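I have placed the structure first, in the form of structure tokens, so that the comments after it can refer back to it.
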Amino acid sequence: MSTTQERTAEQDLPYDVFSRACPSRGTLEHVTGRWGALTLGALFEGSFRFNELRRRVDGVSEKMLAQTLHALERDGLVHREAQPTNPPRVDYELTPLGREVAGRLIALIQCLEGRMDEVLTSRERYDEARRTPAV
């Protein structure tokens with residue numbers, strides 16, 4: 001089956017992320033994976049050059065950031081702007097769709113950051129219950 005036929009077949013189906021064949025599942029994985037979510041969240045702050053973005057997303061390797069940006073660009077969430085300068089300059093920014101998706105991620109991030117005391121307390125209770133032998 002050609003790429004065009006596959007795309008047509010995908011478009012004929014209602015999108016359902018819970019279906020293995022649904023193309024939205026791959027995009028959801030790109031957006032909600034650790035590096036995808038952090039990259040989108042960082043780009044919500046504005047345009048970044050590659051190394052600036054790598055510093056902002058602390059802990060991501062050059063390889064993983066490049067792969068993440070390629071996937072997000074392919075999905076239409078990130079725009080890559082290459083400047084014909086010497087040395088070359090490449091900037092990354094969110095597309096309108098990327099801004100919408102990132103805005104929703106930012107709301108989730110803020111919710112989690114605001115409730116971390118509860119999360120940490122819950123973790124401590126859970127870990128303590130696991131350490132205590134049953135009688």
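Considering every residue within the range 66-73, establish whether at least one is polar (S, T, N, Q) and surrounded by 13 or more Cβ atoms within 10 Å (Cβ to Cβ). Yes, some residue in the range 66-73 is polar (S, T, N, Q) and surrounded by 13 or more Cβ atoms within 10 Å (Cβ to Cβ). Could you tell me which numbered condition Gly76 fails, if it satisfies all but one of (1) under 16 Å from the mean Cα position of the chain (by Cα); (2) part of a helix (DSSP H, G or I); (3) not charged (D, E, K, R)? Among (1) under 16 Å from the mean Cα position of the chain (by Cα); (2) part of a helix (DSSP H, G or I); (3) not charged (D, E, K, R), Gly76 violates only (2). Checked against (1) more than 21 Å from Gly36 (Cβ to Cβ); (2) among the β-branched types (Val, Ile, Thr); (3) modelled with pLDDT under 95, Val119 passes all but condition (3). Taken over the range 74-91, the residue count meeting the criterion of being under 17 Å from Leu28 (Cβ atoms) and open to solvent by 70 Å² or more (accessible area, probe 1.4 Å) is 1.
Restricting the range 14-37 to residues that are charged (D, E, K, R) and exposed (fewer than 13 other Cβ atoms within 10 Å of the Cβ) leaves a set whose member that is modelled with the highest pLDDT is Glu29. Of the residues in the range 114-131, none is in contact with a strand residue (DSSP E or B) (Cβ under 7 Å, 6 or more places away or on another chain), open to solvent by 80 Å² or more (accessible area, probe 1.4 Å) and not small (Gly, Ala, Ser).
Quick one: in the range 33-44, which of the residues that are touching a residue at least 24 places away in the same chain (Cβ under 8 Å) and part of a helix (DSSP H, G or I) is nearest to Ala107 (Cα to Cα)? Only one residue tops the list, namely Gly41. Every condition in (1) charged (D, E, K, R); (2) more than 12 Å from the chain's Cα centre (by Cα); (3) not in a strand (DSSP E or B) is met by Glu93 except one, and the failing one is (3).
The values are calculated or read from the model by the stated rules, or taken from the named source; none is laboratory data. All values reported here derive from a predicted model rather than from experimental measurement. Positions of Cβ are generated from backbone atoms using ideal geometry, with glycine treated the same way; all protein chains shown enter the neighbour counts. Calculation scope for accessible area: heavy atoms of the full protein, side chains included, ligands and nucleic acids excluded. Shrake-Rupley method; radii C 1.70, N 1.55, O 1.52, S 1.80 Å.
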